[in-house]
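K.L.:
I'd like to ask you about the structure that follows.
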Amino acid sequence: MEISDKLIQVRDLKKYYNGENIKALNGISIDINKGDVMVVIGPSGSGKSTFLRSLNLLEIPTSGSIIFEGVDITQKRGPDGKKLDIDLHRQKMGMVFQHFNLFPHKTILQNMTLAPVKVKGMPLADAEKKAMDLLTRVGLADRADAFPIQLSGGQKQRVAIVRALAMEPDVMLFDEPTSALDPEMVGEVLDVMRGLARSGMTMVVVTHEMGFAREVGNRVVFMDDGKILEEGTPDSVFNHPQNERLQDFLSKVLV
Amino acid sequence: MNFATIGQNIIKLFIKYWDKFLITGLEYTLSLAAITVCVGAVFGALIALMRMSRVAPLRWIAAVYTEIIRGTPMLLQLYLFYFALPMLIPILNKQQYACVAIALVCNSAAYVSEIIRSGIQAVDIGQTEAARSLGLSQRLTMTEIILPQAIKNILPALANEFIMVIKDTSLASTFFIGDLMTQCLLVKGATYLTIEPLVIVGIIYFVLTFILSKLVGVMERRMRRGDIR
């Protein structure tokens, strides 16, 4: 595989809390390629959310490197010797949170145009047109002037996804995007994610939705105790698990 | 002591000196309180930002400042500022009003900074994370996302602080600034009546703070309505 196919290279990533007492990440190394839909599964406290949040430095790793589009973003200085501007890299990494985190004091449209206008300097009219296009794609164009509080959980999460997409990111990070949703709303969010995967977007998804992992993911990563214990295609991970703890985990969840 | 006489005296006093209470006294009390809260809010915001700064010495200075101000009596601070300020800054010599106002501002800033800090910290951390993940800088996150939500948390508490300050300004009468309590002392001196002017001024303070606290209540309900929609 060519280097250019590698969007994110993670090398020996470690995250310790409380000195060295809690090892949330204990040496993660993995490559995320363009077009990958990587689904990260594992029990609670396995470090999968910490791993995802490290990718755009919402968690600052204790050691190790994250090379995103050729730049090690864990370094203080970029390859040009200047201070590394993490905001610049975060623009290219969309993130979707478990609790949506829409901005409650702004309308849906304002939620979506804020970053393109303020960060990228896009003219407001262009940003609004793009936002409306995206909202139409997820069937929420008629809610553009609503406030987040007026939306259902599923609607909020769909808005959160297109808000991140409005920045035209190169990769989308999903941190348990359906865990805070009522069961009947999980489907609509997964549908949007499925469509996104089909469009070729690189995605890293931390989830408990095994069905989604099996159907949409092209790679499945199993984490426990801050380590990657098994990695492979959905078929190999779900149907022929090698690691004992993965077998144990799969026996406890519905697949 | 005869309550009927006191009642009559109160009415007589009020008729004779109403302008001292309701014009001069109220003017000084309200202007002192307004200056204190407005300027105090600006300095308070500054101290709050210092307390949340990434630069450790700024954090320490702000913490020490708020702890000292909150840990010493206000009357002591008034005395200290009243006597020390003119020594440090000669133009403040004989400027009692300015010295007292500065003391009140310094005091209020410490309390307001805690109000602002708690208001900012009450905004869900997820808001910051969402903003930063979209590529917004720390500054933009603060001005676009955190502060607009924090102000909503802060406003009622700030209005309550204004009510507290109105009462605190009575301490300024120690230096005969001209506020309501000073008028009380002046009338007492002119009439040799003690209880009556106290009752009058007490009623004025109460009406003032009662109306304001009701207004704050209305404001709080209005804001909560915005959450339900």
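The values are calculated or read from the model by the stated rules, or taken from the named source; none is laboratory data. Given the structure is predicted, the values throughout are model-derived calculations rather than measurements. Cβ placement follows ideal geometry from the backbone for every residue including glycine, while neighbour counts extend to all protein chains displayed.
K.L.:
If you check A:Leu124 against the conditions, is it under 18 Å from A:Ala166 (Cβ atoms), within 22 Å of the chain's Cα centre (by Cα) and hydrophobic (A, V, I, L, M, F, W, C)?
P.N.:
When the stated conditions are applied, A:Leu124 does not pass them.
K.L.:
Report yes if A:Leu13 is surrounded by 13 or more Cβ atoms within 10 Å (Cβ to Cβ), within 14 Å of chain B (Cβ to nearest Cβ) and at pLDDT 95 or above, otherwise no.
P.N.:
No, not satisfied.
K.L.:
What about B:Ala150, is it over 30 Å from A:Met93 (Cβ atoms) and either small (Gly, Ala, Ser) or at the interface with chain A (Cβ under 10 Å from one of its Cβ atoms) (or both)?
P.N.:
In short, no.
K.L.:
Out of curiosity, is A:Phe51 at negative phi, within 14 Å of chain B (Cβ to nearest Cβ) and surrounded by 18 or more Cβ atoms within 10 Å (Cβ to Cβ)?
P.N.:
Judged against the criteria, A:Phe51 is not a match.
K.L.:
Of the residues in region A:55-75, how many are out of contact with any Ser or Thr (no Cβ under 9 Å at 6 or more places or on another chain) and within 14 Å of chain B (Cβ to nearest Cβ)?
P.N.:
Result for region A:55-75: 2.
K.L.:
Which residue pairs have Cβ atoms closer than 9 Å, lie 6 or more positions apart in sequence or on different chains, and pair a first residue in region A:77-102 that is more than 19 Å from A:Leu196 (Cβ to Cβ) with a second residue that is of a type in the set (Lys, Arg) and in a loop (DSSP other than H, G, I, E, B)?
P.N.:
From region A:77-102, the pairs are A:Lys83/A:Lys76; A:Leu84/A:Lys76.
K.L.:
Quick one: in region A:90-101, which of the residues that are within 8 Å of chain B (Cβ to nearest Cβ) and touching a Leu at 6+ places or on another chain (Cβ under 8 Å) is surrounded by the fewest Cβ atoms within 10 Å (Cβ to Cβ)?
P.N.:
A:Gln91
K.L.:
Something else: Of the residues in region B:131-147, how many are more than 7 Å from every other protein chain (Cβ to nearest Cβ) and surrounded by fewer than 19 Cβ atoms within 10 Å (Cβ to Cβ)?
P.N.:
So in region B:131-147, the residues more than 7 Å from every other protein chain (Cβ to nearest Cβ) come out as B:131, B:138-139, B:141-143, B:146-147.
Subset that is surrounded by fewer than 19 Cβ atoms within 10 Å (Cβ to Cβ): B:138-139, B:142-143, B:147.
Result for region B:131-147: 5.
K.L.:
Any chance you could count how many residues in region B:46-58 are of a type outside the set (S, T, N, Q), touching a helix residue (DSSP H, G or I) at 6+ places or on another chain (Cβ under 6 Å) and more than 13 Å from B:Val105 (Cβ to Cβ)? Even if it seems obvious, please write down each step before you answer.
P.N.:
Narrowing region B:46-58 to residues of a type outside the set (S, T, N, Q): B:46-52, B:54-58.
Next, from what is left, pick out any that are touching a helix residue (DSSP H, G or I) at 6+ places or on another chain (Cβ under 6 Å): B:47-48, B:50-51, B:58.
Then keep just the ones that are more than 13 Å from B:Val105 (Cβ to Cβ); that gives B:48, B:50-51, B:58.
Total satisfying the criteria: 4.
K.L.:
Follow-up. Of everything in region A:114-153, what is closer than 20 Å to A:Leu196 by Cβ and β-branched (Val, Ile, Thr)? Give them in sequence order.
P.N.:
If the condition is that a residue be closer than 20 Å to A:Leu196 by Cβ and β-branched (Val, Ile, Thr), then A:Thr136, A:Val138 are the ones that fit.
K.L.:
Follow-up. Examine region B:205-226 for a residue that is touching a Pro at 6+ places or on another chain (Cβ under 6 Å) and either in contact (Cβ under 8 Å) with a residue 60 or more places away in the chain or closer than 30 Å to B:Gln95 by Cα (or both), and state whether such a residue exists.
P.N.:
First, the residues of region B:205-226 that are touching a Pro at 6+ places or on another chain (Cβ under 6 Å): B:216, B:220.
Subset that is either in contact (Cβ under 8 Å) with a residue 60 or more places away in the chain or closer than 30 Å to B:Gln95 by Cα (or both): B:216, B:220.
Yes, some residue in region B:205-226 is touching a Pro at 6+ places or on another chain (Cβ under 6 Å) and either in contact (Cβ under 8 Å) with a residue 60 or more places away in the chain or closer than 30 Å to B:Gln95 by Cα (or both).
K.L.:
Only one of (1) charged (D, E, K, R); (2) at pLDDT below 95; (3) within 26 Å of A:Val237 (Cα to Cα) is not met by A:Glu69, so which one is it?
P.N.:
Failed condition: (3).
K.L.:
When B:Ile68 is evaluated against the numbered criteria (1) more than 14 Å from chain A (Cβ to nearest Cβ); (2) at pLDDT 95 or above; (3) surrounded by 18 or more Cβ atoms within 10 Å (Cβ to Cβ), which criterion, by number, is the only one it fails?
P.N.:
(3)
K.L.:
Scan region A:102-126 for residues that are among the small types (Gly, Ala, Ser) and surrounded by fewer than 21 Cβ atoms within 10 Å (Cβ to Cβ) and jot them down.
P.N.:
A:Gly121, A:Ala125
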